[in-house]
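First the structure, in the form of structure tokens, and then the observations on it.
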Amino acid sequence: MNKKKYTVALAGNPNTGKSTLFNVLTGLRQHTGNWPGKTVIHAEGFFTYKNEEYQIIDLPGTYSLYSNSADEEVARDFIIFGKPDVTLVVLDATALERNLNLALQVLEMTDRVIVCLNLMDEARKKGMIIDTANLSKKLGVPVVPLAARNKEGIEELLETIARMVHGEIKTTPLAVSYSRAIEEKITKLLPLVKEVVGEEYPARWVALRLLDGDTSLLHALQHHRHHFFREGSAHACHCAKSI
Amino acid sequence: MARAKLARLSDAKPGERFRITKLEIEGTMKRRLLDLGFVPGSEITVLQKSPLGDPTAYRVSYTTIALRKEESDHIYGERIGNE
Amino acid sequence: MRATAPNPFDELMENANRLADGDTREQIVASIFQTSRHICQETVTYTKQEKQYETEKLDRIFTSKIWGFPIMLAILAVVIYVTIAGANIPSSMLAEFFGWLEGYITLLFQQLHAPSWLHGILVLGLYRGTTWVVSVMLPPMAIFFPIFALLENYGYLPRVAFNMDRLFKKSGAHGKQSLTMAMGFGCNAAAIMSTRIIESPRERMLAILTNNFVPCNGRWPTLILLASLFMAAGYTGGWKTLVTASVVVAMVIFGIVVTLTVSWILSKTALRGVPTHYTLELPPYRRPKIWDTIVRSTLDKSVYVLKRAVTVAAPAGMLTWVLANIHVGDTTVLAYSAQLLDPFARQLGLDGYILLAFILGLPANEIVVPILLMGYLSAGALLEVDSMNAIKQIFVEQGWTWLTALNMMLFSLLHYPCGTTLINIYKETKSKKWTLLSFLIPTSIAVIVTFTTTHLVQWLGLL
């Protein structure tokens, strides 16, 4: 039997418990650290939910996806060119403001996003109350509260992933509105972007990146137009990651 | 805003609040600082210096980020009193 | 697809460039953060304002001017003390068990009328080499790493980087080098991969070239063993452990001093340049899942040590046994090589067998001491090595003094990285020159330091 395999990408800031969630989902035993840049090489794993097979890619932990570094390019390229069925953005609930920065960027790149509000146990301990329903409404995508290390919320997450890959969830991702000057420029650039890079990529986001002078993205787009590949460059190497 | 009045972040003392006006730094470092929340308009708090006097830890967007003096020298803004 | 010049992509970029101005990024990020802030204001309520600052309160202690460094030192000392104190008994129990088992395996070989060379290779070589690594490496590593993982998961390591940053900056290195060094405590080969967190190529190279001055998994037990046998010989009980721990801590600190010095020299010469910018996040302290962390880290480490024992120690044990039993004239290949190295090794306060063990131990540091013991034993009477005192006995019979032990510890700390690490260095740097330097720099330092120590001690008449 040749079952369809869904791809799930895992993005997030460093230190959000992204690797912990990865371990919980895949069952792979791996030591996770508490410092920036721990996930040096991104890893892949598998899990099965309701008889369906999922491949999950742990992207490098980054603060943004603006291609400031090799890590950020790897993460960005996977979301754009790997076209995962779902991208999970793991946020540290205790530092939501900074973490949302990345989530908002991902929402500009794809509409198949689930926001994982991790470390809810820590947030509760700090007396923070987060209105997840309202957050979900504002972001336009599902928000699942989690405490990955206590395995809290995993079932709900799996269910949400399954519903999303089956097209049962309609999302309307929040588009950040920029200054008038920038919005005007986006409007000017948009037709050309659509013509050159095609409809398969998020045109508004591409336009925005180009206005920011992101030449590496353009190179990547040009390259992928010719050799489109689905695999990305995921390589599992858990051994070298931890002490 | 008169330019002369702008202070450097590196001049702010532990416990002080600071509102960023601009980053006079270019390239990767500027982008990195922006990603971490050192954005014009942000208010940050100086937490403390490392035991050897540098770097200094700042509270920005509910996270703690340490910067060396080389960076905080180029972040300008207003000192807006103590916490 | 249109094949006309100009390339549509270039045209697109040109168009974008015409529209863009220098501030675009700043405006974009400012808008995103503003949006984030608005969303947070409407979705997050803080009910316990004072709880927000717990991490900051702790940082006021852990990174304070007065307590920052003493606490770091104390933590290092306590971790090493607990490791040494805790590993002693399980180590000797394992050694006894393997010795007991060896008796039966030998009996089995005799029953099967196996030839003695087969017994030699498989039992005296392979079995002993492997079991040595297991009994000496496993207990300390199964204690050290869970404690280390707890500290790591608690969030303490970035504070170390924060405290030490200025020292690294002064030596032209990156502040995150202390994080890659912390990785080195586990395995230098893995730490080489972890230097990817340092983006500037120059500073990353410094971190790569100096990483092996941090004693790894394969060298901790050697340091601990020698310190406890020779440096703490005159003490008993708790004092003995304390002295051993102090010596090992001193070694670690010496390694850090060498790291900083070498980084400094390199950044004034071959890797000239100024430190690049850096930012370091100090994540909130989080109480780790204590039991989970301990179990997982112990299992991981045990599997790792056992795997190394089989893949590296087993073949090395066999090879050593063969070398020790092939005769050329009236001496063995092993003895002959040791004699050849002896005059040079003596200058370093070592002997030919020790140096040979380091050379044969290139694939993995774990096997240096087992090779050494096998070398010594093949030269003399074959004994059972089932206790620490027996080991000391063997060393003393070969004319060891505390100076020999000290030199071997220094050589172990400072010499070339193991084979796996060198391979990783080549993979990461893609440069034969830098890989060669990563071999030569530590090795020359190891030679210079042990040479100086030996001659200084002799000149001062301390021995």
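Where a number appears in this text, it was derived from the coordinates with a stated rule and is not lab data. Remember, it's a predicted structure, so these values are computed and weren't measured experimentally. Note: ideal-geometry Cβ built from the backbone for every residue, glycine included; neighbour counts use all protein chains shown.
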| remark: Where a ≥ b ≥ c are root eigenvalues of the Cα gyration tensor, a/c under 1.5 meaning rounded, otherwise prolate if a/b exceeds b/c and oblate otherwise, chain C counts as prolate
| query | Using the per-residue mean of other Cβ atoms lying within 10 Å as a proxy for protection, in what order, highest first, do the peptides C:268-281, A:166-179 fall? | reply | C:268-281, A:166-179
| query | Which FRET efficiency, nearest 0.05, do residue A:176 and residue A:48 yield, Cβ-Cβ r, R0 30 Å? | reply | 0.25
| query | Sorted by average packing, counted as other Cβ atoms within 10 angstrom per residue and highest first, what order do A:72-79, B:14-21 take? | reply | A:72-79, B:14-21
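So for the stretch A:5-165, averaging the separation of alpha carbon pairs under 8 Å that are six or more residues apart and normalising by length, what relative contact order in percent results? Each step should come with its number before you reach the end.
On the way: 304 pairs, mean separation 39.0, N = 161.
Averaging sequence separation for qualifying contacts and normalising by length gives 24 percent for the stretch A:5-165.
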| Residue by residue through the stretch C:313-326, which ³J(HN,Hα) values in whole Hz follow from phi under the Karplus form 6.51 cos²θ - 1.76 cosθ + 1.60 (θ = phi - 60°), with glycine and proline marked x? | 5, 4, x, 5, x, 5, 4, 4, 4, 4, 4, 7, 10, 8
| remark: Going residue by residue through the stretch A:81-86, the Karplus relation 6.51 cos²θ - 1.76 cosθ + 1.60 with θ = phi - 60° gives ³J(HN,Hα) values, rounded to whole Hz and with x marking Gly or Pro, of 9, x, 6, x, 5, 9
| task | Please list the non-local residues whose amide H lies under 5 Å from the amide H of residue A:61, H modeled 1.01 Å from N, same-chain partners needing a gap of 5 or more. | result | A:39
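Would you please classify the overall shape of the stretch B:3-82 from the alpha carbon gyration tensor, given that a ≥ b ≥ c denote the square roots of the eigenvalues, rounded means a/c under 1.5, and beyond that prolate means a/b larger than b/c while oblate covers the rest? Please report the intermediate quantities before stating the final value.
Values: a/c = 1.32, a/b = 1.09, b/c = 1.21.
It comes out rounded by the Cα gyration axes.
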| What number, in percent, do you get for the relative contact order of the stretch C:68-460 if the mean sequence gap of Cα pairs under 8 Å and at least 6 apart is divided by its residue count? | 22
| Amide H contacts of residue A:128 (H built 1.01 Å from N, under 5 Å, at least 5 apart or other chain) | C:47
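Nearest-5 percent of antiparallel DSSP beta bridges in the stretch A:5-165? Spell out each step's value before the answer.
Values: 8 of 28 bridges.
For the stretch A:5-165, the DSSP antiparallel bridge percentage is about 30.
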| Near the amide H of residue B:73, under 5 Å away, which other amide H atoms are found, from residues 5 or more places off or on another chain, if H is placed in the peptide plane? | B:10
| field | Phi to ³J(HN,Hα) by Karplus 6.51 cos²θ - 1.76 cosθ + 1.60 over the stretch A:138-155, Hz, x for Gly, Pro | value | 5, 7, x, 9, x, 10, 10, x, 9, 9, 4, 6, 9, 6, 7, x, 5, 4
| Taking square-rooted eigenvalues a ≥ b ≥ c of the alpha carbon gyration tensor, is the protein assembly as shown rounded, prolate or oblate, where a/c under 1.5 means rounded and, failing that, a/b exceeding b/c means prolate? | prolate
| Say each of residue C:261 and residue C:423 gets a label point 7 Å from the Cα, pointing the same way as Cα to Cβ; how far apart are those two points in nm? | 3.3
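Using a Förster distance of 25 Å, how high is the FRET efficiency between residue C:100 and residue C:397, based on the Cβ-Cβ distance and rounded to 0.05? The partial results should precede the final answer.
Values: r = 24 Å, r/R0 = 0.97.
According to the calculation, E is roughly 0.55.
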| query | Of the beta bridges DSSP finds with both residues in the protein assembly as shown, what % are antiparallel, to the nearest 5? | reply | 65
| query | Once both labels are modelled 7 Å past Cα along the beta-carbon direction, what's the residue C:34-residue C:291 spacing in nm? | reply | 5.1
